[in-house]
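The structure under discussion is supplied below as structure tokens; questions concerning it will follow.
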Amino acid sequence: MTENKKQAMFSFFEEKIADCKKRMNELFADERSDEANFEKIRVSVYEIFKTILAVAVKSAKDDSVGIQQFFFMKVEQIPANWKEAYNIANQHEDSERMHIERIKLETSDEIRNMFTKIWGEIK
């Protein structure tokens with residue numbers, strides 16, 4: 001069962017990364033570099049959490065609960081820094097920085113929701 005969950009999450013990451021890279025290349029081709037860079041940010045977030053899942057799997061072996069706890073800890077911890085950066089950008093009325101941090105937060109929320117859907121709520 002853990003193998004199916006791992007495969008589902010890694011497939012999710014691969015699909016999302018491929019989709020974002022495709023959109024990014026299309027946007028660059030249309031000379032819409034700002035929007036393409038936003039897709040690049042999404043790719044980075046997916047890759048960060050894909051790596052975190054790989055570390056969780058490697059360190060917890062086939063302990064489904066261990067994988068789940070490690071991943072949930074990181075999916076809460078890392079976006080906390082982005083929330084802080086968003087708040088600072090908001091205080092400085094830096095709308096571009098706010099948008100970048102919002103993209104990171106929205107992407108991490110999507111990842112958390114998918115992980116919860118596949119793995120279940122933390123026990």
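If you count, for each residue, the other Cβ atoms within 10 Å and average over each peptide, how do 76-82, 66-72, 51-57 line up from highest to lowest?
Descending packing order for the listed peptides: 66-72, 51-57, 76-82.
So which lysines pass the test for K22, namely a Cα distance under 29 Å, with those fewer than 8 places away in the same chain ruled out?
In chain and number order, the partners are K5, K6, K40, K50, K74, K83, K104, K117.
Between E106 and R32, what length in nm is gained on full extension when 0.36 nm per residue of separation is reduced by their alpha carbon distance?
Gain on extension, E106 to R32, equals 24.5 nm.
Taking every pair of alpha-carbon atoms in the chain, what share in percent sits in each 5 Å bin, from 0 to the bin with the longest distance?
2, 11, 19, 20, 17, 13, 9, 5, 2, 0
Name the residue from M24, T51, A36 whose Cα lies farthest towards the positive end of the charge dipole of the stretch 2-118, charges +1 on Cβ of Lys and Arg and -1 on Cβ of Asp and Glu.
Of the candidates, T51 comes out farthest on the positive side.
Only four residue types carry charge here, +1 at the Cβ of Lys and Arg and -1 at the Cβ of Asp and Glu. Report the dipole size of the stretch 2-118 about the Cα centre in Debye, rounded to the nearest 20.
540 debye
Go through the stretch 19-36 residue by residue and turn each phi into a ³J(HN,Hα) via Karplus (6.51, -1.76, 1.60, θ = phi - 60°); whole Hz please, and just put x for glycine and proline.
4, 5, 5, 4, 4, 4, 5, 5, 5, 4, 5, 8, 6, 10, 5, 4, 5, 5
The numbers here are math on the coordinates, done by the rules we state, and not lab data. Since this is a predicted model, take the numbers as computed values, not measurements. Every residue, glycine among them, receives a Cβ derived from its backbone with ideal geometry; neighbour counts consider all protein chains shown.
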